[in-house]
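See below for the structure under consideration.
The values are calculated or read from the model by the stated rules, or taken from the named source; none is laboratory data. Bear in mind that the values here come from a model prediction, so they are computed numbers and not experimental data. Every residue, glycine among them, receives a Cβ derived from its backbone with ideal geometry; neighbour counts consider all protein chains shown. Remember, those area values only see protein heavy atoms, side chains included, never the ligands or the DNA or RNA. Shrake-Rupley method; radii C 1.70, N 1.55, O 1.52, S 1.80 Å.
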Amino acid sequence: MKQTYLAKLLLSFLFLFNNPLVFGQKKTEIISPSAFFPKERAKVLFVGSFHFDYPGLDAHVTANSDKVDVLSETRKKEVTDLVNYIKKFKPTKIAIEAFPEWKATEKLREYKKGAYRMKRDERYQLGLRVASEMGLDTVYAIDDDSMTSDLMTLDSTYFNKMFKDYDYQSDDPFSKMYKAWYVGEDKLRSKIDLLTYFKRTNSRQYHYYGHGAYLIGDFKLDDKRGADVLAINWYSRNLRIFRKLQKITESSDDRILVLFGNGHGAILRQLLESSPEYDWIEFDDLK
């Protein structure tokens, strides 16, 4: 009986001690960081693509037997399905992986008149086509060079020394794993439909694993040289692309479709998800 009384007394004491209202204290309100920033933000749909025309400019080159011909009858229907899916986003602006010299808006005007329909390049098959079918009159070219060209002009000797052996051709175990993955992806892409493939490759997991290729191999050259090269080359380019995206953003009502090679996905994802100006729209979430 005495033990029961003591237990009740202890519980009562603990209640009073832990109840701030009893002592006139106000309960601390914990505010989410998001509460300090606007809820309404420009929405961005990033569509990371493989290069439909296989220009062969990347370190990994797809075997001819695994290449997808987007102009074949079967694939043309798949391109249409992919375009119709992307249009669910209802973009008000489209930004593509091109330099101003590509004259994207001029090409859009010509596309609307029937030009470029047999071009395999995804900028035509997806970018200009979506822009045309959504009734847009402008396509923004937001690609950029990295700061490496500036450094080359300032000090070519230093530049060449820094980039020595940085060629994405490492032979370490992780680089071999990535090479096996790339070949496997090429074979998978040749066997499944384009929309299914794009949903797979525009996922968070795929973007981050893809970005991991930049963090092995040449990244480990010398003490920090590989890290510095990645910063002034790949990171610099993507940060400049993001800055150009900011410059074409005019209001929180903007719905911007960004069409780039999928290798840009991880960094642009990180930038857009971190920015208080944008909402990142997951590719697989379109309804």
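Based only on Cα atoms, what Rg/Rh ratio does region 141-187 have, Rh being taken as Kirkwood's radius? Intermediate results must be reported in sequence, preceding the final value.
On the way: Rg = 15.8 Å, Rh = 13.5 Å.
Reported Rg/Rh (Cα atoms, Kirkwood Rh): 1.17.
Residue-wise HN-Hα couplings along region 147-164, as the Karplus relation 6.51 cos²θ - 1.76 cosθ + 1.60 with θ = phi - 60° gives them from phi, are 6, 4, 5, 5, 5, 4, 5, 6, 7, 5, 5, 5, 4, 5, 5, 5, 8, 4 Hz; Gly and Pro carry x.
Which order, highest average first, do 61-67, 146-152 follow once you tally other Cβ atoms within 10 Å for each residue and take the mean per peptide?
Numbers: 61-67: 12.6, 146-152: 14.7.
Ranking, from highest mean packing down: 146-152, 61-67.
For Gly261, the residues 5 or more places off, or on other chains, whose built amide H falls under 5 Å of its own are Ser49.
What's the local net charge at Trp280, with K and R +1, D and E -1, over the other residues with C-beta under 13 Å away?
-1
For Glu122, the shell of other residues with beta-carbons less than 11 Å away shows a net charge of +1, using +1 for Lys and Arg and -1 for Asp and Glu. The GluC sites (Glu not before Pro) of region 208-280 that meet both conditions, a loop assignment by DSSP and at most 11 other Cβ atoms within 10 Å of the site Cβ, are Glu250. A convex hull fitted around the alpha carbon atoms of region 111-183 yields 172 Å³ per residue. Take region 64-110 with all the other protein chains still there, run a 1.4 Å probe, and you get 50 Å² of accessible area per residue.
Using a cut-off of 13 Å between beta-carbons, work out the net charge of the residues near Lys161 (Lys and Arg +1, Asp and Glu -1, Lys161 not included). The partial results should precede the final answer.
Details: positive: Lys164, Arg225; negative: Asp155, Asp165, Asp222, Asp228.
Neighbourhood net charge equals -2.
Solvent exposure of region 235-287, expressed per residue, is 44 Å² of accessible area, with all protein chains present and a 1.4 angstrom probe.
With the simple spin-label model, which puts each label point 7 Å out from Cα in the Cβ direction, the Asp81 to Val61 separation comes to 3.2 nm. Rolling a 1.4 angstrom probe over region 179-287 with all protein chains present gives an accessible area of which 52% lies on carbon and sulfur atoms. Note on the chain: GNM, Cα springs under 10 Å; of Pro91, Pro33, Pro173, the largest mean-square fluctuation is that of Pro33.
Using only side-chain charges placed at the Cβ, +1 for Lys and Arg and -1 for Asp and Glu, the dipole size of the chain relative to its Cα centre rounds to 1140 debye. Taking the longest Cα principal axis of the chain as reference, the axis of helix 2-18 is set at about 50 degrees. What separates the Cα centres of region 234-287 and region 96-153 is a distance of 17 Å.
Between the helical axis of 73-87 and the dominant principal axis of the chain, each derived from Cα atoms, what acute angle in degrees is found, rounded to the nearest 10? Rounded to the nearest ten degrees, it is 40.
Starting from one equal scatterer on each C-alpha and no solvent at all, send me the Debye-based log10 I(q)/I(0) for region 221-287 at q = 0.16, 0.18, 0.28 Å⁻¹, two decimals. Those come out to -0.63, -0.76, -1.41, one per q.
Per-residue 3J(HN,Hα) values for region 51-58, derived from phi via the Karplus relation 6.51 cos²θ - 1.76 cosθ + 1.60 with θ = phi - 60°, read 7, 4, 9, 6, x, x, 8, 8 Hz in sequence order (x marks Gly and Pro). Computed over the chain with a Gaussian network model linking Cα atoms closer than 10 Å, the most mobile of Gly114, Gly261, Gly212 is Gly114.
Using Cα pairs under 8 angstrom and six or more residues apart, how large is the relative contact order of the chain, in percent? Averaging sequence separation for qualifying contacts and normalising by length gives 36 percent for the chain.
Going by alpha carbons, how many degrees (0 to 90, nearest 10) lie between the helix axis of 265-274 and the longest principal axis of the chain? Approximately 40 degrees, to the nearest ten.
For region 129-228, what is the accessible area per residue in Å² when the probe is 1.4 Å? Present the calculation step by step, with values, prior to reporting the outcome.
Details: 5890 Å² over 100 residues.
With the other protein chains kept in place, region 129-228 gives 59 Å² per residue.
Dividing the summed helix terms, -39500 (n - 2.57) for each DSSP H run of n ≥ 4, by the number of residues in the chain produces a 222 nm estimate of -12500 deg cm²/dmol to the nearest 500. Averaging 1/r across all pairs of distinct Cα atoms in the chain and inverting the result yields a Kirkwood radius of 22.2 Å.
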